[in-house]
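**Student:** Here's a structure for you.
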Amino acid sequence: MTTSPLDRAADSFAVELARHRTGRGLSKKQLATLMGFDPSYVSHVEGRRHRPTEDFARRAEAVLEASGAIWQRFRDYDELRHTRGDRAPHREPPAPGQWLPPGTGLIVEREQATLSYRDETYRCVIRRELYNAGSEPITRYLVRVAVDRYPGDPGRSNRHHREHPLTFAELQLHAHRLDGHEREAMHWRTKHDRDAFKEIWLLFENTGRRFPLYPGDRATIEYAYHVGPDKWGPWFQRAVRVPTRHLAVRLDLPAALDPQVWGAETSLSAEEGPLRTPVARREEDDRIIFDWAVDQPPLNGRYRMQWRFRAQPEGEPTETGWLRPSDRMRGLGILQHGADLLRQPTRPFDLPREDRAARDVVDRLTATLFRLDELHPFSKGVGIAAPQLGIGRAAAVIRPPDLSGEPVVLLNPRVVDAAPDTDEQYEGCLSFFDQRGLVPRPLRIDVEHTHIDGSRVITSYEYGMARLVAHEIDHLEGRLYVDRMAPGVPLVPVEEYRHTGQPWRY
């Protein structure tokens, strides 16, 4: 059964309300009493039996001090309701600046987040211009510091941070309230102290005096901390937890390391996708500066910048030496060249009789592809065959170069025809990840393969997809791409390869 956008918006409001209510430790009856409603009313709203009203949303926002989150969910719902014209008169859009009701607390009018890498240390500086839109003075401000050494591999990150926890001593955290050229130190107090996560209250006070942010007043605060590369993975994320009007992010990286930067964004109402606007790049002496900004980001939106340094070895430092790219693949369970199974032809599926087994293998391949995309920018597309996961069956999954395209599933594939025209392009391989090789391939191939219901079809692939599909079929037949290279053509170490992040050219 499908639901309308209006129903989904009402559901989002109910979920946000319940989240903040339970976070405050209130029962539905207690919240209704504080809001001045009948004890059953909150239960009806959370149970989707009553739709939210503006008065209810205002009171819930004020009582739960949700930093505008509940009110924003109501605004989303209300906009859809009036767009549909559900028994309500036309409403004029709110005047600029009136995007929160009175008493909803703090607004970040501007945030500038800067991450720089110098002397093998990351330094993060966050500056926020705050406005107290509430009715009470603000005496503290909650900030979060989170590290993730291996994004996309939470198990490995958790193990790493248990053995090497982030400490306040290494953070060297300090905070100030800025007033023109004056800097007033802010004391801070720990709220949560975890291996890879800290929550800290920045206090509007120091040993000399208190300086609360009163209703209607503005203040600029700045805090900074340091993290070593042994604990900071190649990512920098900003999460919008307080209503924010402008968010700007800057990466300041050494030009000598030849940094490559890209980004992604997500929210409660949208799946992860690329940043809607490009990241600006400029050179400044021996540094490369990457800037990106957004106006009116949605509450609970997340914006992540990622990078890699192309001029340093494609690996990671360890206690015993440098972790090679092939070690990263091996850590995901991908067999590396030299494994016997990679040289053995696979066994086809008897479909539809073995449909469950085929689905299980495809699910494992697809899950590994998702993890791979978080570790490396596969701009040319990427594929994985069952033997690479230690499974001797004839299945492969390929993610096309177009990120919006659906993964291609191949069961029992075989090439039945190929164009006479060929070209040579560099290929990599998840099982041969320390090198790249120049491989000739046909510009078009016709592939016969089996659907899960046992029917067989022939699909034609061209150019980049032809290359990807041919590469994976080779795996299923016990070949590696090096078998296709011309005699005497050398492999290129990944450290010297300069086309990562670029599509094949046709």
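**Student:** Tally up the residues in the stretch 412-431 that are over 17 Å from I398 (Cβ atoms) and within 35 Å of the chain's Cα centre (by Cα), please.
**Tutor:** Here the count works out to 2.
**Student:** A further question on this structure: Could you tell me whether the stretch 479-486 includes any residue that is in the same structural domain as A386 (by TED's automatic domain parsing), modelled with pLDDT under 95, under 27 Å from L341 (Cβ atoms) and surrounded by 21 or more Cβ atoms within 10 Å (Cβ to Cβ)? Give the steps one after another, and end with the answer.
**Tutor:** Start the filter on the stretch 479-486 by keeping residues that are in the same structural domain as A386 (by TED's automatic domain parsing), which leaves 479-486.
Next cut, modelled with pLDDT under 95 only: 479-486.
Then drop every residue that is not under 27 Å from L341 (Cβ atoms), which leaves 479-486.
From what's left, surrounded by 21 or more Cβ atoms within 10 Å (Cβ to Cβ): 481.
Within the stretch 479-486, one or more residues are in the same structural domain as A386 (by TED's automatic domain parsing), modelled with pLDDT under 95, under 27 Å from L341 (Cβ atoms) and surrounded by 21 or more Cβ atoms within 10 Å (Cβ to Cβ).
**Student:** Taking the conditions exactly as written (acidic (D, E), surrounded by 17 or more Cβ atoms within 10 Å (Cβ to Cβ) and modelled with pLDDT under 85), does D7 satisfy them or not? Explain how you work it out, then say what you get.
**Tutor:** On the way: acidic (D, E): yes; surrounded by 17 or more Cβ atoms within 10 Å (Cβ to Cβ): no; modelled with pLDDT under 85: yes.
Considered against the rule, which asks whether it is acidic (D, E), surrounded by 17 or more Cβ atoms within 10 Å (Cβ to Cβ) and modelled with pLDDT under 85, D7 comes out as no.
**Student:** Quick check on the stretch 183-225: of everything there that is more than 32 Å from the chain's Cα centre (by Cα) and among the hydroxyl-bearing types (S, T, Y), which residue is modelled with the highest pLDDT?
**Tutor:** Of everything passing the filter in the stretch 183-225, Y214 is modelled with the highest pLDDT.
**Student:** Consider only pairs whose beta carbons are under 9 Å apart and that are at least six residues apart or on different chains; among these, list those whose first residue lies in the stretch 59-84 and is without any contact (Cβ under 8 Å) to a residue 40 or more places away in the chain and crowded, with 23+ Cβ neighbours inside 10 Å and whose second residue is in a helix (DSSP H, G or I) and not aromatic (F, W, Y).
**Tutor:** W71/A57; W71/R58; W71/A60; W71/E61
**Student:** Can you pull out every residue in the stretch 190-205 that is touching a residue at least 40 places away in the same chain (Cβ under 8 Å) and within 30 Å of R159 (Cα to Cα)?
**Tutor:** Passing the criteria: K191, A196, F197, K198, E199, I200, W201, L202.
**Student:** Does D258 count as surrounded by fewer than 16 Cβ atoms within 10 Å (Cβ to Cβ), under 24 Å from E16 (Cα atoms) and in contact (Cβ under 8 Å) with a residue 40 or more places away in the chain? Spell out how you get there, then give the answer.
**Tutor:** Details: surrounded by fewer than 16 Cβ atoms within 10 Å (Cβ to Cβ): yes; under 24 Å from E16 (Cα atoms): no; in contact (Cβ under 8 Å) with a residue 40 or more places away in the chain: yes.
Against the criterion (surrounded by fewer than 16 Cβ atoms within 10 Å (Cβ to Cβ), under 24 Å from E16 (Cα atoms) and in contact (Cβ under 8 Å) with a residue 40 or more places away in the chain), D258 does not qualify.
**Student:** Among the residues of the stretch 31-40, which ones are under 12 Å from A60 (Cα atoms) and without any contact (Cβ under 8 Å) to a residue 24 or more places away in the chain?
**Tutor:** Within the stretch 31-40, A32, T33, G36, F37 qualify.
**Student:** Still on this structure, please answer the following. Taking strands (runs of 3 or more DSSP E) that fall entirely within the stretch 383-486, which contain at least 1 residues that are of a type in the set (S, T, N, Q)? Outline the logic, then answer.
**Tutor:** Values: elements: 395-399, 408-411, 414-418, 422-427, 435-442, 444-450, 456-462.
Result: 422-427, 435-442, 444-450, 456-462.
**Student:** Looking only at residues in the stretch 79-93 that are more than 29 Å from the chain's Cα centre (by Cα) and part of a helix (DSSP H, G or I), which one is modelled with the lowest pLDDT?
**Tutor:** Within the stretch 79-93, the match that is modelled with the lowest pLDDT is R84.
**Student:** Looking at the stretch 188-214 only, could you name the residues that are loosely packed, with under 15 Cβ neighbours inside 10 Å and farther than 18 Å from V147 by Cα?
**Tutor:** The answer is R189, T207, G208, R209, R210, Y214.
**Student:** Please work out which residue is surrounded by the most Cβ atoms within 10 Å (Cβ to Cβ), limiting yourself to the stretch 129-174 and to residues that are more than 23 Å from the chain's Cα centre (by Cα) and among the β-branched types (V, I, T).
**Tutor:** Per the stated criteria, the residue is I138.
**Student:** Does D55 fit the bill of being of a type outside the set (A, V, I, L, M, F, W, C), outside any helix (DSSP H, G or I) and at pLDDT below 80?
**Tutor:** So D55 does not fit the description; no.
**Student:** Name the residue, out of V147, V125, that is touching a helix residue (DSSP H, G or I) at 6+ places or on another chain (Cβ under 9 Å) and closer than 24 Å to H174 by Cβ. Lay out the reasoning, then the answer.
**Tutor:** Numbers: V125 fails: touching a helix residue (DSSP H, G or I) at 6+ places or on another chain (Cβ under 9 Å).
That would be V147, the only listed residue that is touching a helix residue (DSSP H, G or I) at 6+ places or on another chain (Cβ under 9 Å) and closer than 24 Å to H174 by Cβ.
**Student:** Can I ask one more? Since V469 meets every condition but one in (1) surrounded by fewer than 16 Cβ atoms within 10 Å (Cβ to Cβ); (2) in contact with a Phe, Trp or Tyr (Cβ under 8 Å, 6 or more places away or on another chain), which condition does it not meet?
**Tutor:** With (1) surrounded by fewer than 16 Cβ atoms within 10 Å (Cβ to Cβ); (2) in contact with a Phe, Trp or Tyr (Cβ under 8 Å, 6 or more places away or on another chain) applied to V469, the lone miss is (1).
**Student:** Scan the stretch 489-505 and give yes if some residue there is closer than 19 Å to T346 by Cβ, in contact (Cβ under 8 Å) with a residue 60 or more places away in the chain and small (G, A, S), otherwise no.
**Tutor:** The answer is no; no qualifying residue exists.
**Student:** May I pose another question? Somewhere in the stretch 262-280, is a residue assigned to a strand (DSSP E or B), farther than 30 Å from R159 by Cα, free of Cβ contacts under 8 Å to residues at least 12 places away in the same chain and assigned by TED's automatic domain parsing to the domain that holds R127?
**Tutor:** Yes, the stretch 262-280 contains a residue that is assigned to a strand (DSSP E or B), farther than 30 Å from R159 by Cα, free of Cβ contacts under 8 Å to residues at least 12 places away in the same chain and assigned by TED's automatic domain parsing to the domain that holds R127.
**Student:** Identify, please: which residue in the stretch 226-251 is modelled with pLDDT of 95 or more and surrounded by 18 or more Cβ atoms within 10 Å (Cβ to Cβ) and is, among those, farthest from R110 (Cα to Cα)?
**Tutor:** Result: L251.
**Student:** Going by the conditions given, is A9 outside any loop (DSSP other than H, G, I, E, B), in contact (Cβ under 8 Å) with a residue 40 or more places away in the chain and among the small types (G, A, S)? Don't jump to the end; show me each part of the working.
**Tutor:** Details: outside any loop (DSSP other than H, G, I, E, B): yes; in contact (Cβ under 8 Å) with a residue 40 or more places away in the chain: yes; among the small types (G, A, S): yes.
Considered against the rule, which asks whether it is outside any loop (DSSP other than H, G, I, E, B), in contact (Cβ under 8 Å) with a residue 40 or more places away in the chain and among the small types (G, A, S), A9 comes out as yes.
**Student:** Collect the residues in the stretch 294-312 that are free of Cβ contacts under 8 Å to residues at least 60 places away in the same chain, buried (at least 17 other Cβ atoms within 10 Å of the Cβ) and either in a strand (DSSP E or B) or at positive phi (or both), keeping them in residue-number order.
**Tutor:** Residue satisfying the conditions is V294 alone.
**Student:** Still on this model: Counting only residues that are within 21 Å of L171 (Cα to Cα) and among the small types (G, A, S), how many does the stretch 204-235 have?
**Tutor:** 3
The values are calculated or read from the model by the stated rules, or taken from the named source; none is laboratory data. The model shown is predicted, which means the values in this text are computed figures rather than measured ones. Don't worry about glycine lacking a Cβ; one is built from the backbone with ideal geometry, like all the others, and counts go over all protein chains shown.
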